[in-house]
Every structure is written in C-alpha cells, then in structure tokens.
Amino acid sequence: MIELINVNKTFSTKQGIVHAVQNVNLTIETGDIYGIIGYSGAGKSTLVRCINLLERPESGEVKIDGEDLMLYPDKQLRQKRHKIGMIFQHFNLLSARTVFENVAFPLQYQQFSKSEIREKVESLLELVGLADKANAYPSQLSGGQKQRVAIARALANDPTILLCDEATSALDPQTTQSILTLLKDLNKKLQLTIVIITHEMHVVKSICNKVAIMDKGHVVEKGSVLNVFVQPQQEITKDFINSVNNMSKIDDLLAENSNIVKLEDNQRLIRFDFYGQNTKEALIAEASLQFGIKASIIFADVDIVQETIIGSLVVIIEGDIHKQRQALEFLSNQQIRVEVLKNADNLRTVGA
Amino acid sequence: MIELINVNKTFSTKQGIVHAVQNVNLTIETGDIYGIIGYSGAGKSTLVRCINLLERPESGEVKIDGEDLMLYPDKQLRQKRHKIGMIFQHFNLLSARTVFENVAFPLQYQQFSKSEIREKVESLLELVGLADKANAYPSQLSGGQKQRVAIARALANDPTILLCDEATSALDPQTTQSILTLLKDLNKKLQLTIVIITHEMHVVKSICNKVAIMDKGHVVEKGSVLNVFVQPQQEITKDFINSVNNMSKIDDLLAENSNIVKLEDNQRLIRFDFYGQNTKEALIAEASLQFGIKASIIFADVDIVQETIIGSLVVIIEGDIHKQRQALEFLSNQQIRVEVLKNADNLRTVGA
Amino acid sequence: QDTVDVKIGLTGSDSKVWNYIKEEAAKEGINLELLYFDSYPLPNRALAEKEIDINAFQHHIYLEKEIEEFDYDITVIGETVFAPLAFYSEKITDLSEVKDGDIVAIPDDTTNGGRALKLLETHGFIEIDPAAELTPTINDITNYLVDIEIIELAATNIPATLPDVTFAAVNSGVASNAGFTVDQALEIEEATAGENPYINVIVVRTEDKDNEVYNRLVELYQTDEVKEIIAEESNGTSVPAWE
Amino acid sequence: MQTILEPWAPNLVTFWDEFIKSIIETIQMFSLSGIISFVLGLLLGVIFVITKPNGITPNRLINTTIDVFVNVFRSIPFIILIAFMIPVTRMIAGTSIGVKGAIFPLVLGCVPFFTRQIDLALSSIDPGLIEAAKAMGVSNLGIIFRIYLPESIPAIARSTTITAISLLGLTAMGGAVGAGGIGSFVLRYGYQRYYNDIMIVCILLILFFVLIIQLIGDIVIEKTTH
Amino acid sequence: MQTILEPWAPNLVTFWDEFIKSIIETIQMFSLSGIISFVLGLLLGVIFVITKPNGITPNRLINTTIDVFVNVFRSIPFIILIAFMIPVTRMIAGTSIGVKGAIFPLVLGCVPFFTRQIDLALSSIDPGLIEAAKAMGVSNLGIIFRIYLPESIPAIARSTTITAISLLGLTAMGGAVGAGGIGSFVLRYGYQRYYNDIMIVCILLILFFVLIIQLIGDIVIEKTTH
Ligand SMILES: Nc1ncnc2c1ncn2[C@@H]1O[C@H](COP(=O)(O)OP(=O)(O)OP(=O)(O)O)[C@@H](O)[C@H]1O
Ligand SMILES: Nc1ncnc2c1ncn2[C@@H]1O[C@H](COP(=O)(O)OP(=O)(O)OP(=O)(O)O)[C@@H](O)[C@H]1O
Ligand SMILES: [Mg+2]
Ligand SMILES: [Mg+2]
C-alpha cells in the first residue's frame, strides 16, 4: 500500500515558485492499477516521482506499507527502491550499453547467476517484442523501441510497485495493448501495484481500477474508475471522459449546423447516457417498439468498464410527438439520462 | 506537393543492415494533412526525416513542388528547409535558451524586427498555452510543456510544410485537441501541408484527409482516410482501425465467456458495420419496428469521418427466429455488413 | 675485480668529457653514473643529502653562496675549466658605440647574471653596491653611467635574440654552442687562472675529501686528453684550469 | 604596504619594484596571449569539430591538418618552442624579447591545448540539437554560433578555466625571453636565491590569480547552466 | 641503425647511448607516473563530482578540499614544486633523484590537472541517467561504477589523452632531478648545444609518442561511442 499524506513539492525558479504538487492525499492499495490523469504540467510526473523520493516533498509523508520512506536512511531507501520499478517519460536509457545490457542493469550485482540474467532478459525482450534488437544501442532504436526497452528494464527486477510515466505514449495501439495486457497479467498474478500516468483515457478504462485527476498540483477527484466515469464530479474530469468518446463532436456539429444534424419535421436530436445492467434489457429498443418511434444513431459510444456497460448515444428520433414524449419519460424512469440536444423547427414552435 | 519516389534508406550497424525505409512511393498534395501510422520501428520517423533530407536516402527521389531536393546545393536546401517546420519525437529543445528564445530561434537572423518576433512568439505561446512559461528553461518544463514548445517553434517560421513526429504523444486529450484544431485551421487558412506521424488513430480520424500505413519499412496501404477506414485492405490496417474503437473487446469478452455476452434463448449477438448516409434513415430502428425485434447495444462506435458517418454496433437481438432472419436480410440489402458473432444455444441446434 | 659505484651530478652538456672519464674510470673498476640535472639548486642539495657522491657543475662563487645559504658540508677537491663570459653584438663593433637607450641582454640565472653585471661595471656602464659582492642583481645597481636598458633572459636564448638587442653578455659554453668564436667577442672576462672565482670545480662532501676514488676522478679529469676534448668542444671559449 | 611587509618579507621589500613590475608583466602576458589564444583556439576547436567525419561539414584535409598542428605543437617542449620560434616571433611581433616577444610563443603553446579542450567541450552536445537546426535550414555558420557555442557555454567555461590556469603556468616561462613575470621572478629570487618570503608570497599571488580565474569560470558555469 | 644514421644525424650517433637511455627513462617516468596519476586523478575527479552541491552525495568539506588542493598545486610552478617536495619524495620513494625521484612530483603535477579534466568529462552526463539508477536503488558506488564511468568513457578517453600528452610534456622537467628523459636530452643537446639533428629526431620521437597516445585515445573513443 502506498500512502501519500499531505504531500507538497515546489520548485523555485527565477520566475518565482512553482507549486508542482500541493496538499496531495492519495492511498494506493496493494494490487491497484492506479491511473493518474491531468493536463500537461498538472504535476503528475512530480507526484509520481515523490513516491520513490526522486523528488523529496517539502512536507507530507510518503508511506509504503505503512512505513514513512522519508525517515529511511539511504541504504534502506535503496533497498526499497529495488522493488519499485519506474518507467520514465524520457526513457533514460544508458547510451553506452546495448538493449540487453540496459535491461540486465537492475539485475546485476544481485543474487542472480549469469544464465539466470540472460534467461530473464531474453524473456522480457521477447515480451516487449525486441528480441532481435538485443545487441543494438539505444541510439539505433526508434522512439517506441526505446520506450519498450525502458518498460522491460523496469520489470526486470520483479518489482512489487511499478511507476509508469506515460509508458506507452510512443507506442502504436497494438504494442500498447500488448504491454497493457502484460501489465494486467503481472498485476493479477503477482499482485503488482501499478501507478500509471497517462493521457490516453482508454488506457485508464482498460486496465485501471482507480483513477485520480490532477489539476494545477491538486488531486481534484479520485476514486474507482467506474465511479469516476459514471459520475464525474469535476468539469475537468468530464472533459477527460468526453475526450475518449466522440460525444463532444456533436457540439461541433451543432455549432457548424452540419447536414448530419439537420432535422426534418417531427425529429429530435437526443443524447442518452446510461450504465449498468439495465442496458441489457434493450430499453431503447423496447421504447422504440412500445411507442412506435424510429431512432437512428448518430454517435454511439458504449463500452465496458470493469464489467459494466457504460455508454452514450446520440440519436435522431422520429415519430408522433406525444409518443416521443412518452418514450423519453419511460427511458428517464429507467435511469437513463436523457438530454434533448435539438428539436426540429416545427417542434420548437410547439414548444415540446 | 511532396513526392517520394522509390525511396530507400538503410542503416548499417554491427548487427547487420537495417532496412528502415524500403521502396517507398508517396505523393502528398499541397494542403493535405497526411497521416502516417505503423508499428513501432516500422520506419515512420526515418521516412519523414527523408522528406527534409535529415536522412539522405540511398536511392530514390525526394521532390518538393516538382524539384528534386537531393540535387539541391546546400544553400538552396537550407532555404527550402526554412519553410519546412519539423516537430521532433524527442523535442530537441535548446537547453541554454528560454522557452521564448527557443520559439524565436527560427525567426532570428531573418527579416523580422525585434517587436515582430516578440509579437509572433507571444501569440504562438498563447496558442499552445505556455504564455506563463516564456522565461522558463526547458529543464524546468514538464514533458507536455516541452512538446508544446517544440510545436510553437515549428510553426514560428510560417512553414508551408509541417512534419510532425508524434507531435501530441505527450499531451493530454484537451491540449491535443486544441493543437489539432490549430493545425487544421492553419491548414485551411494557409494551405499548410502537414505530414503527421501518430499512434493515435483518432488523430488521423479527426484531422487527416489521407493516410499511409507503414510496415517493416514498406508503405503497405495508403489513400483517403475514409477509404482506408471503410475498406481497409491489409490486416495491419484493420488492426489499427479496430484499435480506435472498442469493437475488438467483444472478442475478448467472447473468449472469456463474460456475463455480458451470455445469451438467453432466441438471442443472437450481432455486429453491424455501416457507413454513409443510409444510417440517417435509421435502418436498424426501422428493422426493429418492422420485424418486431428488440435490439440492445453492447458496444457501439459511430463516428464521423470526413463528413460521413461510419460506425459499428454490437447488439443482442431478441425475437422470433424467422423475423430475425428477415430483419438481418433486410439490413444486409441496405449495404450494412452483418456478422453473427454468437447464437443462443437453442438457435445453434436449430442451425440458424 | 671489485667495482665501486660513484654517482656524479652534472648539468648542461659537457658530456663528452665525462663520457671519456667514465670510460677511463671503468677500466679502474670505478662505475661512474652520470646524472644530469636541468636546474642549478638541486645538485648541491643532492650531494649534501647523500643522493649523489660528487658533483661538477658550478664555480667557486656559486658554491660559496650555497654553502652560506644552507650550511652544506661540502668542499672542493679539484678545478675543471674556466668559462669566461663575453659581450657579443650584431649591431656594434665596439663597446664605445653604446649610447643611452640601448638594450643589453644578460643571463637570467643568479650567477651568470651577476657576472654579467660585474662585467658591465668593469666596462663602465653601471655602478654596483659593493655589498652585493660577486652576485649582484639589477637591484644592486646604484648608478647608470650610460642609460642602458638591462634585460634578463635564459642564457641559451641570448644568441638567438641578439638581433633584438644592442649587445649581450653570453656564457662561453652558450657562445661556442651557438658557433660564436672568441675573436667575434667585443670583450671577454679576464681569465686569471688559479685564483679566478669563476673557475668550475669538482665538489664532494667534506667527509669524503680524501676519498681515493673521488680524487682519482679529479686526476682523470686533469689530463691532456681532457684538455684536448675541451678545446675541440668549446672552440677555445673554455679554458682548462689546471696546469 | 612595504613598511608593513618589511618584518615578514624583507627580501620582497628589497625587490619590491621588480615584484610590482613582474606582476604587471604577468598580467600583460596573460591577458594578451589569453585573448588571442582564446579566439584562435575557439576557432580551431570549432573548425576541428565541424570538419570531423561526422561533423556538419566534413573535411578530411582541414581536420587532419589541425590534428597534426595540435599534436606537433603539443609535442615540442615549451622552452624549446620558445627558442625555435625566435625568428618567427621577430617577424610577427617586431622583437623576440620582452613581453612583446613572449606573446607569440605563449599563444603557440596555449592554442593547441585549448583546441583540444574545445573539442572536448563541443563533443558533449546533443546531436539532436544540431539536427533540429539543420531541419530549420540554419546555415553551418548559424549552427556554430547559435547552437554549438551557446549550448556549450558551461563546458567551454570549464575548458577555458583549465586552459587559463595552464597558460598562467606557461607565462612563468616568459622569463626565457626576458619577459619577466611573477613566474620568472619567483624562479630567480625564490627558487635560485632561496628567498623563502618571495617564494611564498609569489605562490600565494599565483594562487590568487588561479582562484580568480576559477571563480569567474564557476560564475559563468552557474549562470549558464539551466 | 647507427651507421645508417651517421651521415644524417652525426651528433645523435655520438650520443647514441644517452639517447637510448633517455627514451627508456621517458617511458619509465611516463608509464609509472601516468598509471598512478590516472588512478588518483580519476578517484579525485569522481569524488569531486559526486560531492558537488548537486552531486549524488554532496559534501562541502571534501569538495572544497579537493578544489583547494587542485588549485594550489596547479598554482605552483612545476620546477618549484619539485624542489618543495624533495623531502616528501624521499620519504615516499626512498630517493629524490633519478627516475624514482621524479615519479612523485610528476604525479603531483599531473593529478590536479587530470582531476579537472575528469570533472569536465563527468559533467557532460545526462542527469536523467543518474536519476534512473537512483530510482533502481543503485548505491552511490554503483552509480559511479555503473553509470558515471561507463557512460562517460569517450569523454574520459578524451580527457586522458589530453592529460597524457601534458604529462609527457611534464616528464621533460624530470631532468631537474636528474631523471633524464628525452625532454632533458633534447634540452641539453638539441637546445643548449644547437645540435639540430638531435633536436629534430627528439621532437619527431616525442611527436611519435603523442601520436600513439592520440591514436589509442581515438580508438577507445570510437569503440565506445554508440
Ligand atoms: N541510427 C540508426 N542506426 C541503426 N538503426 C536505426 C537507426 N535509426 C533507426 N534505426 C532502425 O530503423 C528502424 C526504423 O526506425 P524509425 O525510427 O523510423 O521507426 P518508427 O517507425 O519511427 O518507430 P517509432 O514509432 O517507435 O518511433 C528501426 O528498426 C530502428 O531500430
Ligand atoms: N525542475 C523544475 N524546475 C522548475 N519547474 C519545474 C521543474 N520540474 C517541473 N516543473 C514545473 O512543475 C509543474 C509540474 O510538472 P510535471 O512534470 O509534474 O507535470 P506533468 O503533469 O507530468 O506534465 P506532462 O503531462 O506535460 O508531463 C510544471 O508546471 C513544470 O513546469
Ligand atoms: Mg510528466
Ligand atoms: Mg519514430
């Protein structure tokens, strides 16, 4: 378990003091995959670097399994760090060593034999798809290859905690997916605790169980991914959630008055948001049948987060106006959030 | 217009020769926003670096507006490069200069006055949201802030061609979106030609008009984004397209036999893929009404690419088996691709 | 036959003489090791501190000054050569042509510099505080009779820089090495053999004053063969100091 | 000053005028040859770096020439170099003696060393920066003046400090051609005449100069490291 | 050999034995003091870098001590340093003259310089690498031996080359304590006696040594730059 209690970290520059992390409280349970999101410059990297004390907070406590790291003498801190893997935003590979040697680095001068190291490193390189680059030097690698070396290196020591600073930002979606699958596997099998800074909400959705949102040094929202996704409290959280689906595009289309959202008589543009098991009951289809309403989907984003369906639809509905209203009421009663985005001109005058 | 004709680039290392780019032919029209995607190590960066001859291809021609850059003497090449902005994968900011000075760099020693430079740089920093960091040094910036400085610098000289190597990989979705909007604006207003390497398919979807897919040094597929998205020819392309929606998750769920895809009697799990105007006619809703079928959405991804709706739905349908079959036939005739992913046990025996 | 090892401290390059003596000594079972020091203050110190057994590089004046300074218990057991200082010039043919504002170059080491000043005094250019005895410095000049500018530089560089000065004081060794001959000199230091303080000497620790081997080396030096070598080597600018 | 020093450093007081003169000579030699060497060494160093096979404008001939020049002049013992160069010095400086005559040999002794130091300093620059400048169409001259030099100021400052201190050491040899200087002063009086007070004061004085050079270097490094 | 040389370099042939002896002396002085200086300088340089205020184990006292040591010993003219150190040399080496007596002063003259060079070399390492090692729980010793040193081998090789050539220059002063060597040989015959053949041959020989040092340095740099 990682506990950050009232952590503050500032940088003093000639232009004044930068409060990179302010009064942050965060508890990361063993076995969590904890996502950290936030705008560029929000303090995510700094916060994560506080966990292994690469940045020493000015105040606050950094506890791992109940023990305050800040009180540790150097040697003990180093031992603790052996079990905290870290993937840096800028990779920090050793330029004088080959890919193999970089990954082997954390294993050297420990209890491992040469052949054990070789086996371990080779299997890690296999996992990240770089077996053929074992003897290349970092300067001969592409950006994504460097990042994968960094990932393999962070995992070499069988850490119990893994800190990832945008660990997949330079990777294509397939490689990202395979890395995420790998991390999730390790998390399940070995109870590996993972803290993962990411800009890709789908990363949060696909592997995190908890998430914290940072803004200007503060953690403004945190909780289980499902809760945060379903009931975001802060504007910034909503923005992040919208970023992952294409719902926000509807606003642009409306603003542009695109053809797609031009409505004919008796049509309405509606947004539905729903989550949980009730979707399985095909509520919208039922409403459609029951009230004789035709609905065509403009945007849809239905996804499964932690075994739960959550989704949004933007549809144009068409049919008898009264039936429409009944249908919408029916759906609202089923815990579906209904929002009328636009009415056809004729409906607007009627004032529906 | 940028033309790459039969371009080859190899690196020789101690481990042998790496064919980074092989026989690539690519035409990028003026005003294009050309996306380049591919797995890590596919040769994307190398290819783009061939455009401004940072890497000199071993063979082939690199033409800009019909003139072969490879034949240019140094001075002329430099002049050409003045008008080619580049955003590097690793930013390459000058550590001894402030943010302001970095952005001003390409403007110095040209015809601009001091106040013009100041104005230009300040407006660019405003655009990328770094006005308050003008006097900070790169070492005092977060990863995303560095990237934004690099973007501002690449735009400073009013380039006619902009080469972006994962220009938004370190940015949060909001900042990414604002940068993309900025690029699209510049593209529209100034006919700026943009070549953009990215791993984020939604970047391709939202701003590119053309896209090329690279694999092991080759361009394996290219064309308009719509064509490529609607009718991907290569497996790798399909993989990339799937990465952006969550359709591929259904396979995992099926493999896991998740609760969500457990079917009751007379249910079928179906995937629809469709694009174009016909969706507006609410075909699925119509089928549902017409044949009395209830459909509940499991996954949905409906998006607009180049003014066209393209989408996929995974739904569970329920209802009379014969009606179901009729409904599916009806939809198939409407140019909707229908794929039955799973039948309920009772249907399977019937052999539907 | 027993051999005895002797370490001798030398400077500069009169090695032809010493190579000869080394050969001769070897015949008598004396194994002479030649150690060349490139700096003057060390050989006496090395001798006093028993790092070497004997040295031969200095004249009486220098030795006296060193003994006075450090109380070295070392003493002369033989004289070698007299190497007179001389004035040379490329600009003038006689010292009488020297006028106010002319430049004279002198060696920058203590003893030769002092000698040069003394020589300048002898020829009526300057007056020196008598208290400075035989090793005066520029500081000891009490009066300039001709308003010359004295410039001190490495003795060995003086011949090469001759075009840049009016005239210069040059050591005999340096002069002969540079190819100057005695008859080119404007003036030469008086050579009064036997009592001249600038005669070079062979020195040992006082306790070894009567050491047979060391005295034998002196004898080996003071031979006609050596005289010949010296004459040949120095173009006559060095004069053997024994009869 | 002199009266205060009298009891502590009697010899120094005796040779006070020469002492002051030697300080001035050292400052003259050091500053003149320092400035010239800095410019020349920087120039050669930069040319050396950019003409390397992987430099921005590879040129085997020039590169090798500089390499040979540096090695040859670093091979010749400085005292011999001074003597060797006397005719050339006379041609260039009009005289081969005095402070004026010392400048050229000092420059010749210092430049090859500084060239190597500059090579060392510039070699630590991230190649990505050179690439970025190239991509922006910056000329080779621009790359030198806008990337290489400004980006390596801290390293150049370190190199310059080291070289300056070495040069200060070289000026001690200025005495060989009658240029005087503290080094020659301390050799003649402190060392050859065993005036310990002069020895100590001079070494402290040189140390003081060294510290000033070091301090300036450190300040530049501090101000330019971000 | 001698007979072939006779017409070209008559003086050299005359002093052939001394010539050969001087080469051996130079090699002895150079290699012995070189190895010792390399180890000590590397040690001091590394300690200096890690004890800086922003180093991995800041220690003002040690850092300042090294700084002062370096500056003091770089301030003292080498010839004076030799004389100063005679008693210490005798204590350490048993004698203060000859090759044996030259080693200690040479080391003392070389180490401060090399320390500065190592500072220069290590300062060019990306701080991110140190950080990565810290994050992995690597001890300070580990950071030195597994990051600082291996990552800066090319820079250290450059520094070592420069220092080695400077040391070769210093060995020319070995003559001051009777250690001989080519430098002393060429001073006594080439320089003082104007035997041009000796001058030229010796300088070529030193140049040859310099080129070998340079070559070794270049090879190391090439092999270790990726
Ligand atoms: N300087 C070099 N020396 C040797 N090999 C190189 C060099 N630069 C790139 N390569 C190799 O060339 C191939 C293509 O590299 P490139 O950087 O173009 O890939 P990329 O498509 O940009 O990958 P990424 O998405 O990971 O950045 C890779 O296999 C890489 O290892
Ligand atoms: N060494 C430093 N000196 C001064 N300011 C710094 C330093 N490091 C970071 N900062 C500032 O602290 C703030 C937080 O930086 P941090 O790197 O934690 O952001 P981040 O959330 O990781 O951003 P990104 O997503 O762009 O990487 C930023 O405003 C940054 O400019
Ligand atoms: Mg960050
Ligand atoms: Mg790349």
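The values are calculated or read from the model by the stated rules, or taken from the named source; none is laboratory data. These numbers were taken from a predicted model, which means no experiment stands behind them. Glycine gets a Cβ as well: all are built from the backbone with ideal geometry, and neighbour counts include every protein chain shown. The area values use the complete protein model at the heavy-atom level, side chains included, leaving out ligands, DNA and RNA. Shrake-Rupley method; radii C 1.70, N 1.55, O 1.52, S 1.80 Å.
Values computed for the structure shown
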| item | result |
| --- | --- |
| Accessible area buried between chains C and E, both sides summed, probe 1.4 Å, in Å² to nearest 100 | 2100 Å² |
| Rounded to the nearest 20 debye, dipole of segment A:36-145 from Cβ charges on Lys, Arg, Asp, Glu | 160 debye |
| Folded to 0 to 90 degrees: helix C:15-27 orientation relative to chain C principal axis, Cα | 10 degrees |
| Inter-copy spacing of D:Lys223 label points, which lie 7 Å from Cα along Cα→Cβ, given in nm from shortest upward | 4.3 |
| Copies compared at A:Gln15 - label distances in nm, ascending, label defined 7 Å from Cα in the Cβ direction | 4.1 |
| Accessible surface, chain A, averaged per residue in Å² (probe 1.4 Å) | 41 Å² |
| Burial ranking of peptide ranges C:72-79, C:148-155 (average Cβ count within 10 Å, highest at the top) | C:148-155, C:72-79 |
| Antiparallel content of DSSP bridges confined to segment A:127-279, in %, to 5 | 55 percent |
| Accessible area per residue, Å², segment E:95-226 with all protein chains present, probe 1.4 Å | 30 Å² |
| Of E:Glu151, E:Glu18, E:Glu131, the one that fluctuates the most in a GNM where chain E has Cα springs shorter than 10 Å | E:Glu131 |
| Choice from E:Leu204, E:Leu44, E:Leu81 showing the highest fluctuation, given a GNM over chain E with Cα pairs closer than 10 Å | E:Leu204 |
| Chain B: calculated mean residue ellipticity at 222 nm from DSSP helix runs of at least 4, using -39500 (n - 2.57) | -10500 deg cm²/dmol |
| Check: chain E dipole with +1 on Lys, Arg Cβ and -1 on Asp, Glu Cβ, in debye | 560 debye |
| Positive-end residue of A:Gln111, A:His19, A:Gly31, charge dipole of segment A:19-150 with Cβ unit charges | A:Gln111 |
| For chain A, size of Cβ-based charge dipole, Lys and Arg +1, Asp and Glu -1, in debye | 880 debye |
| Pairwise FRET efficiency - A:Ser258 versus A:Asn346, Cβ, R0 = 22 Å, nearest 0.05 | 0.65 |
| Pairs beyond 28 Å (Cα-Cα), from A:Lys44/A:Lys238; B:Lys146/D:Lys134; A:Lys44/E:Lys223 | A:Lys44/E:Lys223 |
| Rounded tilt (10° steps) of B:321-333 against the dominant C-alpha axis of chain B | 40 degrees |
| DSSP beta bridges in the protein assembly as shown [antiparallel fraction, %, rounded to 5] | 70 percent |
| Shielding by partners - mean other protein chain Cβ count within 10 Å, residues of E:122-129 | 5 |
| For segment C:110-170, accessible area per residue (1.4 Å probe, heavy atoms of protein chains only), Å² | 33 Å² |
| For residues of E:64-76, the mean tally of beta carbons on other chains within 10 Å | 4 |
| Positive-end extreme of charge dipole, segment C:1-155 - chosen from C:Leu134, C:His123, C:Ala46 (charges on Cβ) | C:Ala46 |
| Among A:Glu61, A:Glu101, A:Glu119: highest mean-square fluctuation, GNM of chain A, C-alpha pairs under 10 Å | A:Glu119 |
| Degrees separating the helix D:153-171 axis from the principal Cα axis of chain D, which is the longest one | 30 degrees |
| Peptide D:183-195 - average C-beta neighbours from other chains (10 Å radius) | 5 |
| Rounded to the nearest 10 Å², the accessible area of B:Leu186 at probe 1.4 Å | 40 Å² |
| Paired Rg and Dmax values of segment B:180-235, which use every Cα atom, in angstrom | 12.2, 36 |
| Nearest residue to the symmetry axis between B and A, taken on chain B by its Cβ, in whole Å | B:Ala300, 2 |
| Buried accessible area, chains A and B (both chains, 1.4 Å probe, Å² to nearest 100) | 5200 Å² |
| Where E meets A: accessible area buried, both sides, 1.4 Å probe, Å² | 1800 Å² |
| Heavy-atom accessible surface of chain C: percent carbon and sulfur, 1.4 Å | 43 percent |
| Residue-averaged [θ]222 nm for chain D, counting only DSSP H segments that reach four residues, each worth -39500 (n - 2.57) | -23500 deg cm²/dmol |
| Exam field: A:Leu254 pseudo-label spacings to other copies (7 Å along Cα-Cβ), nanometres | 3.7 |
| Listed residue (A:Ser123, A:Leu77, A:Leu93) projecting farthest to the positive dipole end of segment A:58-124, Cβ model | A:Ser123 |
| Where A:His19, B:His199, C:His123 fall by accessible area, highest first, once all protein chains stay in place (1.4 Å) | A:His19, C:His123, B:His199 |
